[in-house]
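**Q** Below you will find the structure I want to go over with you.
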Amino acid sequence: MGELLTVNMGPQHPSTHGVLYLELKMDGEIVVDCKPHLGYLHRSIEKIAENRTYTQFIPFTDRLDYLASMNNNLGYCLAVEKLLNIAVPDRAQYLRVIIAELNRAVSHLVAIGTFAQDLGAYATPLFYAFRDREKIVDLFDSICGGRLTYNYMRIGGVSADIPARTEQIIKDFIAYERKQLIEYNELLTYNVIFLARSKNIGILSKEVARSYSVTGPMLRASGIKWDIRKEEPYSMYDKFDFDVPVGANGDSWDRFKVRLDEISQSLRIVEQAIGGIPEGNPVSKVNRVFRGTGEAYVRTENPRGELGFYLVAEGGFNPTRCKIRSPSFSNLGALSELVKGLNISDAVCVLGSMDIVMGEIDR
Amino acid sequence: MSVIFLKGLAVLGFIAVSAMFSIWLERKISAWIQNRMGPMMTGFHGTLQPVADTIKLLLKEDIVPKGVDFLSWWLAPFFVTVPVVMAFLVIPFSSKWIALDLNVGVLYVCSVTSICVLGIFMAGWGSNNKYSLLGGMRSAAQIISYEVPLLLSVLLVVMQSGTMSMQGIVAAQEHGWFILKPHLTLAFLIYFISATAEVNRVPFDIPEAESELVAGYHTEYSGMKFAMFFVAEYTNMFIISAIATTLFLGGWQGPFLPGLVWFLLKSYGLVAFLMWMRWTLPRVRMDQMMSFAWKVLTPMALLNLLISGWFMVK
């Protein structure tokens, strides 16, 4: 082995997805060691929670995983509701599931687009993914007024009822997106170069995945069927019929394919939910400011894995402690294990297939 | 002497216009593939966009990073651009429009275009940047490996036509383009794949793989030096298409329209095809690409050469 070359990949690099900084030790083009450095996006969100009332903290959860704001909102609201035993109207439960699943679908679209971009399919898949995402972003805009940090869920409900035409828009989107998914399969999934680049690259075994507490599509790609929506159903998930796609090898291609399959499962859930929304008022009836005591931990299935909120309350207007268990952070732990001995191109491919969001790694 | 000088000037003018047109074409094709409009503001459908870009690049500050190997860093853009200009000398645009019909035209164009790799390696080495170095090394390995199948397939054309003069090869295709003969169809495919790798286009754009190496060997270049790499890349793309047209697609020959029009149509058709590939395909990996060159393309080209040579001699 010759002299090792240290390459500082990031924090400004086209494919480190934000401000991740990888310290790579390389022997020629082979990665010998990889050390991720974090902290470039730290905003001390957990500390902020201690100085805000429960309701005021909801917008901050948007900034965790900024591609799946709705899911973060949902996780936090569920935690507060568990802490304070707040009941949620049925209509709000349905709306939450619909919105969260739509957000999951478009979040996976971004993941697929950026992954293809990392493999060198320059910009085109990304544009296609964003074209589809735009429809949902527009929809969310009409529902809650935000286009990235939505802030729609409230403790004990949602902020407002959906506009009149929403159901039709969602139905149109489901039909449209199903056609698009076929096209993505043709363009990417079974493309010879795409297969050569991502098959058998960065294989994450079941044991390693467990030991790093990897969750979400990354865990399922390794062949472990674990989905909080099935294991510990929250909201209304036990009422809907859907499959949990799992991969066979745990390589980059499997992680990609699991996400692609999850999009169609999400569409399935939305389709069932949209048909059965009960009438009523989904708007929260809880006061804006309240006190509580006790502690609560709620985990939800975010697009990137298990998002957990641990709240401790000691009677004040704000929580004494808020610990966030973010999926990307745990998933990133497995990176150094995966990229050792790989080509630098494959290291980028593995990183892209993990689909990390720096916003929730540095909280 | 002065005639050659004027021809040289004409070539330079053509390169400038062709590079600008190619850049505009690329932006429009990529926009068309990606559901966008592309440049629309400057001129009719953005036709003046390349001009605006050129002015911007001319006015930009020429940044010299710390610790560069000044001579190789400074000379690299010239080593990339000058061979491209030289290659234009022997390209037959029509029966009369050729700057210099050398009797070793094919050999000349192949040898001159391989000088580019020196410039790319100098840029990678001189930039004092690890990404540039990796890009430069990748490029050297890639271009040298793909030179072999490329030359082997070009050799078959020379054997078929019995001449190395570009006009001679065009004349030999008077009664049927070479691409229509089965062994030369294979040679064309091998040539075009290798040539794509030679000019670092997707799926072989490994030296400047954006997602891995930022911008590869030209990461540190800005302003007009960057523009020279850019012009060289687009002109190279035109040159490989022009050579493919001359060697396999009957050159400037074609019914009704004048030779020049036919030549440009065929060449830009191939250029557009290269662009289409770029915006559709992912990138292959370095080792996959090298093994493709040595284990698939080169044996195929050799075998093709051997079998068709045996038939020709018989």
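The values are calculated or read from the model by the stated rules, or taken from the named source; none is laboratory data. Quantities reported herein were computed from a predicted structural model and do not represent experimental measurements. Neighbour counts are summed over all protein chains in view; Cβ atoms, including those assigned to glycine, are modelled from backbone coordinates with ideal geometry.
**Q** Being β-branched (Val, Ile, Thr) and touching a Phe, Trp or Tyr at 6+ places or on another chain (Cβ under 7 Å) narrows it down to one residue among A:ILE193, A:ILE155, A:ILE162; which is it? Working first, answer last.
**A** Details: A:ILE193 fails: touching a Phe, Trp or Tyr at 6+ places or on another chain (Cβ under 7 Å); A:ILE162 fails: touching a Phe, Trp or Tyr at 6+ places or on another chain (Cβ under 7 Å).
Every option except A:ILE155 fails the conditions.
**Q** Here is a further query. Check off (1) more than 24 Å from B:ALA293 (Cα to Cα); (2) among the hydroxyl-bearing types (Ser, Thr, Tyr); (3) part of a helix (DSSP H, G or I) for B:TYR221 and give me the number that stays unchecked.
**A** (3)
**Q** Sticking with this structure for a sec: Which numbered condition trips up A:PRO278, out of (1) touching an Asp or Glu at 6+ places or on another chain (Cβ under 6 Å); (2) not in a loop (DSSP other than H, G, I, E, B); (3) not hydrophobic (A, V, I, L, M, F, W, C)?
**A** Answer for A:PRO278: the failing condition is (2).
Rundown of residues vs (1) modelled with pLDDT of 90 or more; (2) charged (D, E, K, R); (3) under 28 Å from A:LEU342 (Cβ atoms), yes/no style:
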| position | (1), (2), (3) |
| --- | --- |
| B:GLY269 | yes, no, no |
| B:TRP276 | no, no, no |
| B:ARG283 | no, yes, yes |
| B:ASP287 | no, yes, yes |
| B:PHE292 | no, no, yes |
| B:LEU297 | no, no, yes |
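**Q** Pick out the one residue from A:GLY292, A:GLY276 that is of a type outside the set (Ser, Thr, Tyr) and either surrounded by fewer than 16 Cβ atoms within 10 Å (Cβ to Cβ) or within 22 Å of A:ASP90 (Cα to Cα) (or both).
**A** Going through A:GLY292, A:GLY276 in turn, just one is of a type outside the set (Ser, Thr, Tyr) and either surrounded by fewer than 16 Cβ atoms within 10 Å (Cβ to Cβ) or within 22 Å of A:ASP90 (Cα to Cα) (or both): A:GLY276.
**Q** Name the residues in segment B:189-219 that are at pLDDT 85 or above and either more than 14 Å from chain A (Cβ to nearest Cβ) or touching a Phe, Trp or Tyr at 6+ places or on another chain (Cβ under 7 Å) (or both), would you? Before you say what the answer is, go through the steps one by one.
**A** Keep residues of segment B:189-219 that are at pLDDT 85 or above, which gives B:189-197.
The answer is B:LEU189, B:ILE190, B:TYR191, B:PHE192, B:SER194, B:ALA195, B:THR196, B:ALA197.
**Q** Oh, and also: Across segment B:242-265, which residue is nearest to B:VAL90 (Cα to Cα) among those that are small (Gly, Ala, Ser) and under 20 Å from the mean Cα position of the chain (by Cα)?
**A** If we filter segment B:242-265 for residues that are small (Gly, Ala, Ser), which is where we start, we get B:242, B:244, B:250-251, B:254, B:259.
Next, from what is left, pick out any that are under 20 Å from the mean Cα position of the chain (by Cα): B:242, B:244, B:250-251.
Details: B:ALA242: 11, B:ALA244: 13, B:GLY250: 16, B:GLY251: 13 Å.
Filtering first and then ranking leaves B:ALA242.
**Q** May I ask you to verify whether B:SER222 is over 19 Å from the mean Cα position of the chain (by Cα) and within 14 Å of another protein chain (Cβ to nearest Cβ)? If you could, list the steps in order and put the result at the bottom.
**A** On the way: over 19 Å from the mean Cα position of the chain (by Cα): yes; within 14 Å of another protein chain (Cβ to nearest Cβ): no.
No.
**Q** Does segment A:113-145 hold any residues that are touching a residue at least 24 places away in the same chain (Cβ under 8 Å) and among the basic types (Lys, Arg), and which are they?
**A** Across segment A:113-145, the qualifying residues are A:ARG133, A:LYS135.
**Q** Enumerate the pairs (first residue in segment B:35-53 and within 14 Å of chain A (Cβ to nearest Cβ); second residue anywhere and surrounded by 17 or more Cβ atoms within 10 Å (Cβ to Cβ) and among the charged types (D, E, K, R)) with beta-carbon separation below 8 Å, excluding pairs fewer than 6 apart on the same chain, so at least 6 apart or on different chains.
**A** B:GLY38/B:ARG27; B:GLY38/B:LYS28
**Q** Could you run through segment A:194-235 and say how many residues are more than 14 Å from chain B (Cβ to nearest Cβ) and not in a helix (DSSP H, G or I)?
**A** The qualifying residues number 18.
**Q** Taking only segment A:144-171 into account, find how many residues are out of contact with any Asp or Glu (no Cβ under 9 Å at 6 or more places or on another chain) and either part of a loop (DSSP other than H, G, I, E, B) or not charged (D, E, K, R) (or both). First the steps, then the outcome.
**A** Here is the first cut: in segment A:144-171, the ones out of contact with any Asp or Glu (no Cβ under 9 Å at 6 or more places or on another chain) are A:144-145, A:152-154, A:157-168.
Of the ones still in play, those that are also either part of a loop (DSSP other than H, G, I, E, B) or not charged (D, E, K, R) (or both) are A:144-145, A:152-153, A:157-166, A:168.
So the answer is 15.
**Q** Separate question: For residues that are under 23 Å from the mean Cα position of the chain (by Cα) and either outside any helix (DSSP H, G or I) or away from chain A (no Cβ under 14 Å) (or both), tally how many sit in segment B:272-301.
**A** The first filter runs over segment B:272-301 and keeps only residues under 23 Å from the mean Cα position of the chain (by Cα), leaving B:272-294, B:296-298, B:300-301.
Right, trim to either outside any helix (DSSP H, G or I) or away from chain A (no Cβ under 14 Å) (or both) and you get B:272-273, B:279-285, B:293-294, B:297-298, B:300-301.
Of the residues in that region, 15 qualify.
**Q** Checking B:ILE240 against (1) modelled with pLDDT under 85; (2) closer than 22 Å to B:LEU186 by Cα, only one condition comes out false. Which one?
**A** It is condition (1) that B:ILE240 fails.
**Q** If you check B:ILE63 against the conditions, is it surrounded by fewer than 18 Cβ atoms within 10 Å (Cβ to Cβ), touching a helix residue (DSSP H, G or I) at 6+ places or on another chain (Cβ under 8 Å) and within 14 Å of chain A (Cβ to nearest Cβ)?
**A** no
**Q** Counting just the residues of segment A:100-142 that are within 9 Å of chain B (Cβ to nearest Cβ) and small (Gly, Ala, Ser), which one comes out nearest to the chain's Cα centre (by Cα)? Walk me through how you get there before you give the answer.
**A** If we filter segment A:100-142 for residues that are within 9 Å of chain B (Cβ to nearest Cβ), which is where we start, we get A:116-128, A:131.
Imposing the further condition that a residue be small (Gly, Ala, Ser) reduces the set to A:116, A:120-121, A:123.
Values: A:ALA116: 18, A:GLY120: 23, A:ALA121: 23, A:ALA123: 22 Å.
Among residues in segment A:100-142 that are within 9 Å of chain B (Cβ to nearest Cβ) and small (Gly, Ala, Ser), the one nearest to the chain's Cα centre (by Cα) is A:ALA116.
**Q** In segment B:25-34, what count of residues is obtained for those that are free of Cβ contacts under 8 Å to residues at least 40 places away in the same chain and farther than 18 Å from B:PHE229 by Cβ? Talk me through it step by step, then tell me what you get.
**A** Of all residues in segment B:25-34, those free of Cβ contacts under 8 Å to residues at least 40 places away in the same chain come to B:27-28, B:31-32.
Filter again for farther than 18 Å from B:PHE229 by Cβ, leaving B:28, B:31-32.
Adding up the residues that qualify gives 3.
**Q** I'd like to verify a number: residues in segment B:247-262 that are farther than 13 Å from B:TRP97 by Cβ and buried (at least 16 other Cβ atoms within 10 Å of the Cβ), how many?
**A** Pass one, segment B:247-262, residues farther than 13 Å from B:TRP97 by Cβ: B:247-250, B:253-257.
Keeping just the survivors that are buried (at least 16 other Cβ atoms within 10 Å of the Cβ) gives B:247-250, B:253-254.
Within segment B:247-262, residues that are farther than 13 Å from B:TRP97 by Cβ and buried (at least 16 other Cβ atoms within 10 Å of the Cβ) number 6.
**Q** Right, something else. Taking only segment B:83-113 into account, find how many residues are part of a loop (DSSP other than H, G, I, E, B), under 15 Å from B:GLY8 (Cβ atoms) and either among the polar types (S, T, N, Q) or touching a Phe, Trp or Tyr at 6+ places or on another chain (Cβ under 6 Å) (or both).
**A** Adding up the residues that qualify gives 2.
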